[in-house]
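Written out below as C-alpha cells is the structure these notes cover.
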Amino acid sequence: MQNGFNMKNIHIIGGGTSGWLTALSVQKIFPNSNLTLIESKSIGIIGVGEGTTPNFVELLKKLNIDINDFESKTNQTKKIGICFRNWPGDDTFYNHDFSNKITAYHIDAQTFSEYFKNIAIQRGVSHIEDDVLGFDTDFKKIKNKKETHVNKIKLKSGDDINTDFIFDCSGFGKLIIDKVMKSEWVSVKEYLTVDSAITFHLPNDKKLISYKDRTDSTTMKCGWLWKIPLKNRIGAGYVFNSKYTSDEDAKKEIQDLFETPIDFKKKISFESGYFNNLWVGNCISVGLSGGFFEPIEATSIMTAAIELVYLMDNKLNYNLRTSFNNHMRNVNNEILDFIRYHYVCDRKDTEFWSDYQNIQLTKKLSSILDENRKLSISRPKELLFKNKTSVFSFMSYQVLNAGNFIKRENLI
C-alpha cells in the first residue's frame, strides 16, 4: 500500500513520448510493480518534429538514460535556442537561447518514442496493443475523502483488466482525466487565439533553414511557422487561427513561401488550456491529455518533464497530491504568461496581428507591464521584474522585450 493506494498493478493509457517517459519514471519509483502500457495503433501518435528544453536532459539523467546512446539512435540534433523572425513586423530577427550555454534537443517524434519504448520494455514494462473502450469505476475513501477510482480497463479484444493506479497519456483524447474523472478544464483561448496547426516535412536543405541548432519561428499572415532541423529532414508546421484563414489558404501560404514541393502531414485542431487538477482519484494525467497551449517554446515536453521529475522526487506520495496539483497549476500559469508575452509585439499588418493588439493580457502579465511602464521612464532599455518565476528566467523575458518591438515607446 502507498498512502492508501495499492500500487501492485499500474497502467499507462497511451504511448508516444509522454506514455513511454511516464513508464520509465514510474518503473523507477515502483520497480516491483506490475507496470503495463496500453496503446492503440489505430490512433497513433501526433508524430511531428518536436523540440525540447534543457530540463529534458535532466530527466534523461534521472532515468539513467545513456546520453551518447540516445543521441546516436533518435535522429536528434542539438538545440541551443529559438530564432524568432519578423515578430516586430520589420523582417528583423532575434535569438532566444538557453542560458549558460546549456543545450537541449530537436527530436524526430517517431524514433524518439520507439527509443524509449525499447528501453522501457527491456526494463520490464509490459506492453499491450489494443483499443480502450472504457473504464469501470468505484468510490473509495482515501484520507476520509470519498473519490472516484478507476478499477477496470475494458479493451476492444474483450479483456477486462483490473488496475490499482492509472496514468492518462492518451493525448488530445483525454480519455480518463476528462471523460471519467471530470477534472475542471481551464480554457485560455481568450489569451492565446491560435487553434490549428498544419504539419509538413521539408528536405534537409541548408537553404531552407538558417541554423542547425536553433528552432526557427517565423511569423505568417495568421500565426507563425516553425522549422525544426533534424538529421534526416526538417520538421515544420504552420500554427494559425482558423477564424482568419482556411486550411487550403494556409497550405497555399506555406507553398508560396517555399520553392520546393510540400509534403503535408496532419491538420491538428486544439484549444489552448489545461486541467486544473492533473491528479484526481487514482489517475494522473501526463502530456497532452493534461493540457496544451501551443507549440511555441516547446513547453509540452517541458511540462511533462517537470511533472515526472516532481513525481519521482516525491515517490508519487498521495500526501503531496494537493501540493503537486498546485505546483503544476502554477507551472501552467507561468507558461501562459510567457507565451502570451510573445504576442505583445509590433506586427499588425494583417487582420490577425492587428486584432491581437486588443486581445487581453493575463492578470499577472498586465501587472508586470503596467509596473514597467512606470519604471521605463528612468530605465527605458530594460524590462524589470519584481516577481520571481520558476519556469522562465528574467533574461528570457528581457530577450522577448528587446526583440519584439520596433519602438520602445509602445510599452511606455
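Of all DSSP beta bridges in the chain, what percent run antiparallel (nearest 5)? It would help to have the intermediate numbers written out before the result.
Working: 55 of 76 bridges.
Bridges in the chain that DSSP calls antiparallel: roughly 70 percent.
Which of the listed residues, V57, Y310, Q255, is farthest toward the dipole's positive end in the chain, when Lys, Arg count +1 and Asp, Glu count -1 at the beta-carbon? Among V57, Y310, Q255, the one farthest towards the positive end of the dipole of the chain is Y310. Computed from Cα atoms, the angle from the helix 109-122 axis to the main principal axis of the chain rounds to 30 degrees.
Can you work out the FRET efficiency for the pair K182 and D91, with r the C-beta to C-beta distance and R0 = 35 Å, to the nearest 0.05? Efficiency, rounded to the nearest 0.05: 0.15.
For the chain, the longest principal axis of the C-alpha atoms and the axis of helix 394-403 are separated by about 40°. Put +1 on the Cβ of each Lys and Arg and -1 on the Cβ of each Asp and Glu in segment 120-224; which of A197, F135, W185 then has its Cα farthest toward the positive end of the dipole? So the residue furthest toward the plus end is W185. Between segment 76-124 and segment 152-203, the alpha-carbon centres lie 23 Å apart. A Cβ-based charge dipole, computed about the Cα centre of the chain with Lys and Arg at +1 and Asp and Glu at -1, lands at about 1080 debye. Look at [x] 23.7; [y] 20.2; [z] 21.6: the one that is mean projected area of the Cα convex hull in nm² derived from this structure is [y]. Rounded to the nearest 10 degrees, the angle from helix 321-342 to the longest Cα principal axis of the chain is 20 degrees.
Rule-based calculations on the coordinates, nothing more; no lab input. What you are looking at is a predicted structure, and each value in this text was computed from that prediction instead of being measured. All Cβ positions, glycine included, derive from the backbone under ideal geometry; neighbour counts span all protein chains shown.
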